[in-house]
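See structure below.
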Amino acid sequence: MICSKNLLKFTIALIAFVVFIPNISYSQYGAPFLNFPPSARINAMGNAGVAANIDPTFSFLVNPAHVASDIEKSNINIGIMPSNVNSYSIFDYASYTLNIGYNFNPDGKSLPLSIGLGYSGNGVDLGEFTLTSSDGKVLGRFCSYESANVLSVGAFLDYGVRFGLGLSYKSISTKFKEITSTTSFNYNASAFDIGAICQIPILNSSIFTSTDNFILDLNLGLSLNNIGNEISSFGEEVEPLPRTASFGYDISAKYIRDFSDVKIKIFTLNFSAELRDYSVDYDSIGIFNYVAPFSHSRPVENLLMLNPNHPVVVNYGLYATIFETFHIAIGQSKSVTYYQDNFTDNYGYGISLDGLMKYLSNKVSGGFANFITNHLSLGYNYSYSSYNNYVDFSYNTIYLTFKGLNVF
């Protein structure tokens, strides 16, 4: 049987997926949406999220070690990303997450351990297509939907240098349903992500007064994603999951000042770069085989010169936050195929209530208002991407965060 898709949708789909999967065709991988940028913040910075935790709500989808990082006393993070994958609105991609964390050492007098647990549901609606036999006979029209449920757990130790480990389990499903009947085909697979982070303090010093601090950190991240079996499609066809190995660095600079006994980050600036190496090779007749992680990587060329090589993707970008309120980011993803160089230009912006709530927490006393200012924050981020100046994409993400709650 042959799956003959609507030409316009198929063409845009092919271009869209090549942005994140740098091989010759979409059909080389099953469930390629697993490597979509999980949030507007990460996408705006060129999808460079393996080392930088600029998005505590969604970052564990890139590197599961992030699920336990940057936790105050305890956190509850809720995120929703209802987005069209591109401006043509051909495909709908949505993601929502819930993660909680607990810090055993909020006062610096106990075990310097943080733990985190995260859940995410992700799905992409691929639209309609026509299924035909080898002789051209139409067998039916189907709609297609792919989804994944992700459960992550992680831990962080802080002995000056911070070390984190994380593990994710993914339950993946592909569903084809005939439009004019109840006939459907369901195919399932499972996979794991394994991640690690090392956060190294470089500088922590006052600049102007004894109440300000300039902090400079180097963060290193490594993640092996989508380690699992193949996923089936129509007939006897099987496709490998988009198995990847990512490594990157993040340089983080923060300037913090004390306003009326409240410490506010005047600015935070992150520069991140990473390589993403696809651990699946194809021979000349289309037979795939798995290869060792980082088999194609060239660390100096990929991470310092920021140049990709097939099938390694290079992601990098800048992310700035002002007064813990205003977010601005710019980034790029680059890949090469056998016939052309590809690039995706990204930018984004957002707003959050973190800084305002910190400031008001010292002005409000007692009651519900005090609870809100001490524990609650809201945020919104938007990002835009342009692939080879031809196809554009936009993402929207909404955040709800509870901080400092003793949930255990």
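The values are calculated or read from the model by the stated rules, or taken from the named source; none is laboratory data. Model, not experiment: these values are computed from the prediction. Every residue, glycine as well, gets a Cβ built from its backbone with ideal geometry; the counts of neighbours run over all protein chains shown.
Values for this structure:
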item: Residue among 101, 108 that alone is at pLDDT 85 or above and not hydroxyl-bearing (Ser, Thr, Tyr); result: 101
item: Conditions (1) at pLDDT 80 or above; (2) within 30 Å of residue 273 (Cβ to Cβ); number of the one not met by residue 358; result: (2)
item: Criterion violated by residue 401 - all others in (1) crowded, with 19+ Cβ neighbours inside 10 Å; (2) in contact with a helix residue (DSSP H, G or I) (Cβ under 6 Å, 6 or more places away or on another chain) satisfied; result: (2)
item: Hits in the stretch 370-385 (condition: surrounded by fewer than 17 Cβ atoms within 10 Å (Cβ to Cβ) and closer than 30 Å to residue 344 by Cα); result: 378, 380
item: Inter-residue pairs, beta-carbon under 8 Å, first at positive phi and in the stretch 26-53, second part of a helix (DSSP H, G or I) and not hydroxyl-bearing (Ser, Thr, Tyr), 6+ apart; result: 47/20
item: Where a residue in the stretch 166-195 is in contact (Cβ under 8 Å) with a residue 24 or more places away in the chain and buried (at least 16 other Cβ atoms within 10 Å of the Cβ) and its partner, wherever it lies, is assigned to a loop (DSSP other than H, G, I, E, B) and not aromatic (Phe, Trp, Tyr), with Cβ under 6 Å and at least six apart; result: 172/31; 189/229; 191/241; 195/63
item: Test for residue 244: is it touching a residue at least 60 places away in the same chain (Cβ under 8 Å), of a type in the set (Val, Ile, Thr), buried (at least 19 other Cβ atoms within 10 Å of the Cβ) and under 17 Å from residue 63 (Cβ atoms); result: yes
item: Matching option when the condition is of a type in the set (A, V, I, L, M) and either in a strand (DSSP E or B) or touching an Asp or Glu at 6+ places or on another chain (Cβ under 8 Å) (or both), among 202, 207; result: 202
item: Criterion violated by residue 310 - all others in (1) free of Cβ contacts under 8 Å to residues at least 40 places away in the same chain; (2) on the phi < 0 side of the Ramachandran plot satisfied; result: (1)
item: Residues satisfying the stated conditions in the stretch 326-339, i.e. surrounded by fewer than 19 Cβ atoms within 10 Å (Cβ to Cβ) and touching a residue at least 12 places away in the same chain (Cβ under 8 Å); result: 326, 328, 330, 336, 337, 338
